[in-house]
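The structure appears below as structure tokens.
The values are calculated or read from the model by the stated rules, or taken from the named source; none is laboratory data. Not measured: the values here are computed from a predicted model. Virtual Cβ from ideal backbone geometry, glycine too; neighbours counted across all protein chains shown. With ligands, DNA and RNA removed, areas are computed over all heavy atoms of the protein, side chains included. Shrake-Rupley method; radii C 1.70, N 1.55, O 1.52, S 1.80 Å.
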Amino acid sequence: MDASKLLNIASEYGTPLYVYDAELIRKQYHELQEAFSGFSHQIHYAMKANENPEILKIIKNLGGGIDAVSPNEIRRALAVGFTKEEIVFTPSCPDFDELSFAFDQGIHVHIGATEYLPFILKNYPDVKIGLRINPGNAIEGNQKIATAHNNSKFGIPINQIDQILDFVGQGLQVDSLHLHTGSDVKSWQDLARSVDAIFDFSKHFSKLKYIDLGSGFKVKYHKTDPDIDLKSYAGYIENKLKTISNPLTIKFEPGKFLVSEAGVLLVKANVVKQGYSKKFVGVNSGFHHLIRPMYYDAYHKIINLSNPSGTTEKYDVVGQLCEEDTFAYDRDLPQVRMGDILAILNAGAYGFSLSSDYNMRDKPKQILVDKDMIKLI
Ligand SMILES: Cc1ncc(COP(=O)(O)O)c(C=O)c1O
């Protein structure tokens, strides 16, 4: 989206403000569909990345499904019009009531601990379930978002297979397997190792309908970040599918790949102040709006929309919370003046959905731009 359009939106709706570009979400969706066109697959948007109903409607209209992680996410997906068959539920450490809620709705559940299996056998003996496994796959990259290594809370360790088969012997019906290697996975080879593990594990189950490979699809936060090699990953899965006789569908649960690049956070420079040695740009935002830089040490590109050709200066871009809420350290930006509008890029995923009203400050508004249409969502 060009700078003048963003500046007009900022002046009409005020800042802080999230702006999403619907066409970019569609482009990303089609890129995944195209990459995986060689085999039967389904895309379930991980709505935790951005749960706005208008974003969900875009995914629905594209033919996608939903990966939900809480009863409220399920309720929202149903309210937007997804059918129960289009939703998978992959909760982390759910209460029994939450599992019952999903089972009673007829929604397919991925179970991430063998400790839940007696409850399921006793109370829902006719329900077919998925098992979320943890292959113990240590990967490169940010360990806060690596979720399939052997110190991770997620999934069932694959060495619990005997316990699982015991439950299967007692009548437990397993019709699918799931794993999620992590978010923003640097190399497709790390994802491929998980594919190996889950296909090996699948040999224990004769009635599988699908394997859900979760996500891991990265986006380029920094210009030096590698692109994800979707083609090689897809080829690897395709070859793997040729090694088994059962025709399985592969599900994916992308979140950030679909919505991250579509979103920017527009903020205003409230103050540009000189410290002892550093110059600070204090913006009308903070980690209550976008926590990724502080929580994950994530890099987000920042653009000075108001003064793109100003002379370059170095700034720490900080928020206005009573905290150390730094968006960027020692960042080169065209000179920032008080009142300038800055765009923080790649903010469509895990931005608003992780926001809060800390310091009793309001959350940002959200705007959807769809070609010529601009609306508050
Ligand atoms: C089970 C599961 N599936 C999918 C995702 C989506 O990951 P990403 O946003 O990196 O695509 C997550 C993210 O935490 C997850 O936990």
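Side notes on the structure shown:
- Conditions (1) over 14 Å from ASP212 (Cα atoms); (2) out of contact with any Asp or Glu (no Cβ under 9 Å at 6 or more places or on another chain): number failed by GLN173: (2)
- Answer residue from region 321-354, given it is among the small types (Gly, Ala, Ser) and within 16 Å of the ligand (Cβ to nearest atom) and is nearest to PHE287 (Cα to Cα) among those: GLY351
- Of residues in region 34-54 being over 24 Å from ALA347 (Cβ atoms) and open to solvent by 50 Å² or more (accessible area, probe 1.4 Å), the one nearest to the ligand (Cβ to nearest atom): GLN42
- Residue pairs whose Cβ atoms lie under 9 Å apart, separated by 6 or more positions or on different chains, with the first residue in region 1-20 and in contact (Cβ under 8 Å) with a residue 24 or more places away in the chain and the second open to solvent by less than 40 Å² (accessible area, probe 1.4 Å) and of a type in the set (Phe, Trp, Tyr), are TYR18/PHE352.
- Test: residue in region 250-265 that is away from the ligand (no atom under 13 Å from the Cβ), more than 14 Å from the chain's Cα centre (by Cα), more than 15 Å from THR181 (Cβ to Cβ) and in the same structural domain as TYR29 (by TED's automatic domain parsing): no
- Scope region 83-98; condition within 16 Å of the ligand (Cβ to nearest atom) and on the phi < 0 side of the Ramachandran plot; matching residues: GLU86, ILE87, VAL88, PHE89, THR90, PRO91, SER92, PRO94, GLU98
- Scan of region 339-373 for residues that are open to solvent by 40 Å² or more (accessible area, probe 1.4 Å), of a type in the set (A, V, I, L, M, F, W, C) and in a loop (DSSP other than H, G, I, E, B), ordered by number: LEU345
- ILE66 fulfils the conditions (1) without any contact (Cβ under 8 Å) to a residue 24 or more places away in the chain; (2) part of a helix (DSSP H, G or I); (3) within 16 Å of the ligand (Cβ to nearest atom) except for a single criterion, (2).
- Total residues in region 288-315, condition of a type outside the set (Ser, Thr, Tyr), open to solvent by 10 Å² or more (accessible area, probe 1.4 Å) and over 18 Å from GLY351 (Cα atoms): 6
- Cβ-Cβ under 9 Å pairs, at least 6 apart or on other chains, region 313-325 side of a type in the set (S, T, N, Q), far side part of a loop (DSSP other than H, G, I, E, B) and open to solvent by 30 Å² or more (accessible area, probe 1.4 Å): GLN320/ARG361
- Contact annotation: residue pairs with Cβ atoms under 6 Å, 6 or more positions apart or on different chains, pairing a residue in region 144-158 that is closer than 21 Å to SER176 by Cα with a partner that is aromatic (Phe, Trp, Tyr) and more than 9 Å from the ligand (Cβ to nearest atom), are ILE158/PHE201.
- Consider region 180-214 and keep the residues that are open to solvent by less than 10 Å² (accessible area, probe 1.4 Å), closer than 14 Å to ILE237 by Cα and not in a helix (DSSP H, G or I). The one that is farthest from the ligand (Cβ to nearest atom) is ILE211.
- Of the residues making up region 284-292, none is in a loop (DSSP other than H, G, I, E, B), closer than 21 Å to TYR221 by Cβ and without any contact (Cβ under 8 Å) to a residue 60 or more places away in the chain.
- So VAL168, is it assigned to a strand (DSSP E or B), more than 19 Å from GLY65 (Cα to Cα) and over 24 Å from the mean Cα position of the chain (by Cα): no
- Scanning region 215-229 for residues that are surrounded by fewer than 18 Cβ atoms within 10 Å (Cβ to Cβ) and not charged (D, E, K, R) returns HIS222, THR224, PRO226.
- If the condition is being open to solvent by 60 Å² or more (accessible area, probe 1.4 Å) and either in a helix (DSSP H, G or I) or under 16 Å from PHE154 (Cβ atoms) (or both), then region 79-97 contributes ALA79, LYS84, GLU85, CYS93, PHE96, ASP97.
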